[in-house]
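Beneath this line is the structure, given in structure tokens, with notes to follow.
Please treat every number below as a calculation from the coordinates, not as lab data. Remember, it's a predicted structure, so these values are computed and weren't measured experimentally. With ideal geometry, Cβ positions are generated from the backbone for all residues, glycine too; neighbour counts draw on all protein chains shown.
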């Protein structure tokens, strides 16, 4: 789950310089920020689970 979200985050980060969105940060930042927050939430959730046998 974290790996898939990280791949999406890197893909949107790679598109950002090509996109040339409006403003200094571009349009893709609106997608990158929730993905990065989702990675942190997923990591926090996974640390609360017991280890596998």
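Gain in length, residue 6 to residue 42, computed as 0.36 nm per residue apart minus the alpha-carbon separation, to one decimal in nm?
11.9 nm
Averaged over residues, the count of other Cβ atoms within 10 Å places the peptides 43-51, 7-15 in the sequence 7-15, 43-51, highest first.
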